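Working notes for the structure below.
The values are calculated or read from the model by the stated rules, or taken from the named source; none is laboratory data. Source: prediction; values computed, not measured. Positions of Cβ are generated from backbone atoms using ideal geometry, with glycine treated the same way; all protein chains shown enter the neighbour counts.
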Amino acid sequence: MTSVAYGTKEDLPFLIRPENTARYEDGEVLILDRRVYPFDVKFVRCKTYRDVAQAIKDMVTQSGGPPFCAGYGMAQAAREAVSRSHEGILEELERAAGYLINTRPTNNSIVLMTEKMLEVGRKALWEGQDVEDALVKAVDAEFEARHKRGLAIGENGASLLIDGDSILNHCWAESGIVYTAYVARQQGMRLKAYCSETRPYLQGARLTADALCDMGIETTVITDNMPAYLMSKGMISKFFTGADRVTMDGSVINKIGTLQIAICAHHFGIPFFAFCDGPDPKAPTAADVIIEERDPSEVLKCLGQRTATPKAKGYYPAFDVTPPEFVSAIVTDRGVFTPYSMADYRQVGSGRSK
C-alpha cells in the first residue's frame, strides 16, 4: 500500500503530520506539546535525550508520539558522543536507550524504536558513517513507514464501517482511528463521532475530537461517564480505541476507561474494535505487561486546575486490560483478526485473516 491511493500526508489532520509530532533541528528535538493543544500550538524544545525522556514522562507527547521522540533522542546521544571512540559512542547509545525505555513501561513502542536505532547506530559505526545523520534519517523513514501502515490500517478499519455509522472513540488512537476515518471519508462514507473526554488529560476532547473535526466529521464530546447511556439510547453503532499493547492471548491494554466501555458495548451488542500495529510476541498474556501507575495527584486536577477537595488523595493507573471476550476484533496493517488469532498476525504479510 502506498500513499498514492488516498493522497499525501498533507491531506491528514494537523496532529498526524510528522512535523507536528516531533522534529529534529540542529541537535534539538522539538515536540508538540499535546497537553495544551489545540488551545496553544507550542513545541517543547529538548536539548538532550534526557530532556526528551523527561518530556515523555511529563506527557508532552502521548500515544504514537513517544517512540519517534525517543528515536530522535538516540540521534542526540550520538551527537553528544561524536568525539569518542566507536566503543564510547555505542556505550552512549546504549545508555540513552535504557534511559528512554524507562520513561513509560506499558506501551512497548519506545523499546522497539530504540532497539531499531541501536542497530542503525551499530551499522553506521561499522560502515564509518555519520551516526547522528544515519539515526535522523532512520527516524524520518519510520515516519514514512507509519504513514503507509496507517493507510493499511485505515483500509482495514474502513471495511468494518457502513455509511452513517456513529462511532464512539476513547482517548487518542493516533493513526488507527484517524486513518480509518480518513479512508472512510475518501470512500464517500458519512460518519458521526462521539469522543469521551478522557480524564485527566482530556486527549479525547482535545486531540481525537480536533483531528476528526479537521476531516469534516460531525463530532460530539461526551464525559467519561456517558457511554453506557448513549449506547442504551441506540446512539452508538461501533466502539473504537487504540491499543497500547495487545498480548498474544488477545487482551487489549489501553487507556484507563477502555474496559468499562467495552463491557457496556458487550452488554448492548455493540462491536468493539481495537487498533494496533500487531500483537507483542513477548507478552503471552496481560500478566506479562507492566501497567503504569502515574502520580496520583494528576487525577486531582484537570489542565492544571485543582478539581478535587484538598482533603482527598488520588489514584491513577494509566491503563486497564480488556479481556478478549469483550473484543470483537483487532484491526492491524495486515488485516482484521479475532482476539483469539493473534498468532496469525506473524504468518500473514497482507490481506485479512478472521
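List the number of the failed condition for residue 209; all other conditions in (1) under 23 Å from residue 106 (Cα atoms); (2) hydrophobic (A, V, I, L, M, F, W, C); (3) touching a Ser or Thr at 6+ places or on another chain (Cβ under 8 Å) hold.
Here residue 209 meets the rest and fails (1).
Taking the conditions exactly as written (surrounded by 19 or more Cβ atoms within 10 Å (Cβ to Cβ), without any contact (Cβ under 8 Å) to a residue 24 or more places away in the chain and assigned to a helix (DSSP H, G or I)), does residue 92 satisfy them or not? Steps first, answer last, please.
Numbers: surrounded by 19 or more Cβ atoms within 10 Å (Cβ to Cβ): yes; without any contact (Cβ under 8 Å) to a residue 24 or more places away in the chain: yes; assigned to a helix (DSSP H, G or I): yes.
Answer is yes for this residue.
Here is a yes/no grid of residues against (1) assigned by TED's automatic domain parsing to the domain that holds residue 200; (2) aliphatic (A, V, I, L, M); (3) closer than 24 Å to residue 182 by Cα:
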| site | (1), (2), (3) |
| --- | --- |
| 14 | no, no, yes |
| 18 | no, no, yes |
| 21 | no, no, yes |
| 24 | no, no, no |
| 27 | no, no, no |
| 30 | no, yes, no |
| 39 | no, no, yes |
| 42 | no, no, no |
| 51 | no, no, no |
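Answer yes or no: is there a residue in segment 155-163 that is at positive phi and either under 22 Å from the mean Cα position of the chain (by Cα) or not aliphatic (A, V, I, L, M) (or both).
We begin by selecting, within segment 155-163, every residue at positive phi; these are none.
There is no residue in segment 155-163 that is at positive phi and either under 22 Å from the mean Cα position of the chain (by Cα) or not aliphatic (A, V, I, L, M) (or both).
If a residue has to be among the polar types (S, T, N, Q) and farther than 19 Å from residue 292 by Cβ to count, how many in segment 27-69 make the cut? Give the derivation first.
Keep residues of segment 27-69 that are among the polar types (S, T, N, Q), which gives 48, 54, 61-63.
Right, trim to farther than 19 Å from residue 292 by Cβ and you get 48.
Of the residues in that region, 1 qualify.
For residue 109, state whether it is free of Cβ contacts under 8 Å to residues at least 40 places away in the same chain and of a type in the set (Ser, Thr, Tyr). Write out each step before concluding.
On the way: free of Cβ contacts under 8 Å to residues at least 40 places away in the same chain: no; of a type in the set (Ser, Thr, Tyr): yes.
No: the conditions fail for residue 109.
Name the single residue that is surrounded by the fewest Cβ atoms within 10 Å (Cβ to Cβ) among those in segment 56-88 being more than 20 Å from the chain's Cα centre (by Cα) and among the hydroxyl-bearing types (Ser, Thr, Tyr). Break it down into steps so the answer makes sense when it comes.
Start the filter on segment 56-88 by keeping residues that are more than 20 Å from the chain's Cα centre (by Cα), which leaves 75-88.
This time we only want the ones that are among the hydroxyl-bearing types (Ser, Thr, Tyr), so: 83, 85.
Numbers: 83: 7, 85: 10.
The selected residue is 83.
For segment 266-354, please list each of the strands (runs of 3 or more DSSP E) lying entirely inside it that holds at least 1 residues being buried (at least 18 other Cβ atoms within 10 Å of the Cβ) and of a type in the set (S, T, N, Q).
On the way: elements: 272-275, 319-322, 329-332, 335-337.
Strands (runs of 3 or more DSSP E) meeting the threshold: 319-322, 329-332.
Picking from 205, 211, 184, which residue would you name as being in the same structural domain as residue 318 (by TED's automatic domain parsing) and touching a Pro at 6+ places or on another chain (Cβ under 6 Å)?
Details: 205 fails: touching a Pro at 6+ places or on another chain (Cβ under 6 Å); 184 fails: touching a Pro at 6+ places or on another chain (Cβ under 6 Å).
One residue alone meets the criteria, 211.
Among the residues in segment 258-268, are any hydrophobic (A, V, I, L, M, F, W, C), closer than 26 Å to residue 154 by Cα and either free of Cβ contacts under 8 Å to residues at least 60 places away in the same chain or in contact with a Lys or Arg (Cβ under 8 Å, 6 or more places away or on another chain) (or both)?
yes
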